[in-house]
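Enquirer: Attaching a single structure in structure tokens format; questions to follow.
Each value in this text was obtained by applying a stated rule to the coordinates, not by laboratory testing. These numbers come from a predicted model, not from an experiment. Cβ: placed from backbone, ideal geometry, glycine included. Neighbour counts: every protein chain shown.
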Amino acid sequence: MGGKLSKKKPSPHTIRVSPKKQAPPVAPPGIVDPPPPKHGNGCNMPFGADQGPIAIGRVQAEPNAKKAEVVFGTADARGSHDECNIFFAWNGGAAAALTLRGVKYKPVQFHFHTPSEHTIEGTQFPLELHVVHVAPNDRWAVVSYVYQYGETEDAFLKQVWPSLPQLSTIQPAVAVGSIDGRVLMEPKEGYYRYTGASGDGVEWVVAQRPRIATPGQVASLFGALRASNARPTQPVTGRAVTLLC
């Protein structure tokens, strides 16, 4: 690249929460709309006032991928339906870990929200995947992937979707077989990062690029849940939102 580098410090970037830009929760194509949500979702799910999700706006990038390293492997999983979500207990494989600020978090479970909980530059997506991690010091982190509609079925979703009919009701955990998390890993992936406002806040790592899912895949999850389960976005309250790339 030619030209001189400016020594001027970049001005701080303000992230604005824009709830009015969010699309209301709607059923995927072919599914009857649920009753209007009373508190941002059809399940009346609780949320932390100083946590996530948030509306992510335009963010200044920090070109240092080592600040957030995401590794997944292959491991068996068990699924269970708990009120308004379907959880999959999964350790992500022997080598799986999220390394953030030098702290290594291990995956323990993943679950989904429809529509997406986070919005990115004013867009709410039809689906969001959360992979929940925990560190040895009991700190928590969530790696999040939003999905947009496309014509190609998502490889990660294809592994768990056959078990959804068994998980459409609250019941004991069901073995769903081996889940390969490596299909979630993309070369040169950028991640938005922010943390909860309180000292014990959850670390959030949101993949910058949406993944692709078909309307049928999203409809299958919606049919098993029978209601939208996305929480409303929360105020940023002075927290820094960084794009690691």
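Enquirer: Please give the FRET efficiency for ALA95 paired with CYS245, using the beta carbon to beta carbon distance and R0 = 22 Å, rounded to the nearest 0.05.
Expert: E(calc), rounded to 0.05, equals 0.45.
Enquirer: Name the shape class, rounded, prolate or oblate, that the alpha-carbon gyration tensor gives for region 157-245, where a ≥ b ≥ c are the square roots of its eigenvalues, rounded holds for a/c under 1.5, and otherwise prolate holds if a/b is larger than b/c and oblate otherwise.
Expert: Taking the square roots of the gyration eigenvalues as a ≥ b ≥ c, region 157-245 is prolate.
Enquirer: Shifting gears a bit: Using only C-alpha atoms and all pairs of different ones, pull out the Kirkwood radius for region 135-201 in Å with one decimal.
Expert: After inverting the pairwise mean of 1/r, the radius is 15.7 Å.
Enquirer: Which of ASP76, ASP154 has the fewest other C-beta atoms within 10 Å, and how do the rest follow up to the most?
Expert: In increasing order of surrounding Cβ atoms, one gets ASP76, ASP154.
Enquirer: What is the antiparallel percent of DSSP beta bridges lying wholly in region 128-220, to the nearest 5?
Expert: The answer is about 65 percent antiparallel.
Enquirer: Region 84-136 to region 211-245: how many Å between their Cα centroids?
Expert: 11
Enquirer: Along the charge dipole of region 89-245, Cβ charges K/R +1 and D/E -1, which of ALA155, GLY181, LEU244 sits furthest on the positive end?
Expert: The residue sitting most towards the positive pole is LEU244.
Enquirer: What is the dipole size for region 111-245, taken about its Cα centre, with +1 at each Lys and Arg Cβ and -1 at each Asp and Glu Cβ, in debye to the nearest 20?
Expert: 80
Enquirer: Mind checking which aspartates and glutamates have their Cα closer than 19 Å to the Cα of LYS158? Skip sequence neighbours fewer than 8 apart in that chain.
Expert: Partners found: ASP76, GLU128, ASP180, GLU186.
Enquirer: Modelled label-to-label distance, ALA155 and GLN60, 7 Å Cα→beta-carbon offset: nm?
Expert: Once both label points are built, they end up 3.7 nm from each other.
Enquirer: Largest first, please: the extent of the C-alpha atoms of region 85-211 along each principal axis, to the nearest Å.
Expert: 40, 34, 28
Enquirer: Among ARG211, ARG182, rank each residue by its count of other Cβ atoms within 10 Å, from fewest to most, as a rough exposure measure.
Expert: Ranked by crowding around the Cβ, least crowded first: ARG182, ARG211.
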